[in-house]
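Asks: Mind having a look at this structure? Questions to follow.
Where a number appears in this text, it was derived from the coordinates with a stated rule and is not lab data. All of these numbers come straight from a predicted model, not from anything done at the bench. Note: ideal-geometry Cβ built from the backbone for every residue, glycine included; neighbour counts use all protein chains shown.
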Amino acid sequence: MRIAITGSSGLAKIIKDTLEATPHLGNTFRVDPIRCEDITMNGRNCWVFGGYEPADVLINLAHEDQAKILSIAHEAWEGEKTKYIINISSRASQPNISKGYMYASEKAQLNHLANNLQYNSNKRYKMTTLNLGLLNDESLPSVKHQDVAGLIYKLITSYPDYEIADVTLQAHANYKSVQSDKETLRDMERFTK
């Protein structure tokens with residue numbers, strides 16, 4: 001099984017390392033960095049990243065152009081029953097949650113497209129959108145990169161007959177309290193500069 005991961009973040013590295021440590025998954029690879037213009041289609045049903053072998057799984061992680069990458073992957077894989085797309089989105093995609101307006105709107109665009117493809121297209125591939133809460137924060141309750149990688153491993157290996165359309169993964173903590181603590185930490189950083 002070939003797995004392509006877009007992006008070069010710490011999360012991308014942990015996912016890559018976790019999947020590569022699992023011998024039965026075969027050749028896992030990552031293209032670092034990848035942009036929309038680096039992606040080409042080799043024939044209708046073949047997904048190629050910058051000259052690498054065709055992938056079976058796309059982990060759509062790099063924040064830049066995620067909706068466009070999903071659109072290209074959908075066009076290439078629409079009739080492929082053995083392909084799988086995992087979109088890494090954010091809890092911020094939900095209305096009125098994030099003050100990072102552009103980030104939130106870009107993640108909402110990805111989720112909206114994924115939902116439309118999930119329910120209004122003739123796709124045969126599997127697709128999951130992961131909406132992640134705060135990641136790897138040392139001061140606040142957050143989701144660890146390793147836990148995200150473990151969930152992706154489970155999605156790829158454990159549910160051959162099911163499609164999990166979307167999942168929100170967040171630390172077990174009161175959202176309002178975490179956001180208030182986050183604002184307090186930001187204010188303290190601004191004050192100490």
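Asks: Please list the non-local residues whose amide H lies under 5 Å from the amide H of Y125, H modeled 1.01 Å from N, same-chain partners needing a gap of 5 or more.
Replies: Correct list: E80.
Asks: Note the full-extension length gain between H112 and H63 as 0.36 nm times their separation in residues minus their Cα-Cα distance, in nm to one decimal.
Replies: On the way: separation 49, 0.36 × 49 = 17.64 nm, distance 1.53 nm.
Gain on stretching H112 to H63: 16.1 nm.
Asks: Determine ³J(HN,Hα), in whole Hz, for all residues of the stretch 133-138 in sequence, where each value follows from phi through the Karplus function 6.51 cos²θ - 1.76 cosθ + 1.60 and θ = phi - 60°; x replaces Gly and Pro.
Replies: Rounded to whole hertz, the list is x, 3, 10, 6, 8, 6.
Asks: Tell me, what HN-Hα J-couplings in whole Hz come from the Karplus equation 6.51 cos²θ - 1.76 cosθ + 1.60 at θ = phi - 60° for each residue of the stretch 150-163, using x for Gly and Pro?
Replies: x, 5, 4, 4, 4, 4, 6, 9, 10, 10, x, 9, 10, 10
Asks: Excluding same-chain residues fewer than 8 positions from K123, which lysines have a Cα within less than 17 Å of its Cα?
Replies: K68, K81, K83
Asks: Which lysines does K182 reach when only Cα atoms under 28 Å apart count, and residues fewer than 8 places away in its own chain are ignored?
Replies: K13, K99, K107, K144, K193
Asks: What residues qualify as long-range amide H neighbours of N87, i.e. H under 5 Å apart, gap of 5 or more or another chain, H built at 1.01 Å from N?
Replies: N60, T128, T129, L130
Asks: Related question: Per-residue counts of other Cβ atoms within 10 Å, averaged by peptide: what ranking do you get for 65-73, 166-174, highest first?
Replies: Working: 65-73: 19.6, 166-174: 13.3.
Output ranking for 65-73, 166-174: 65-73, 166-174.
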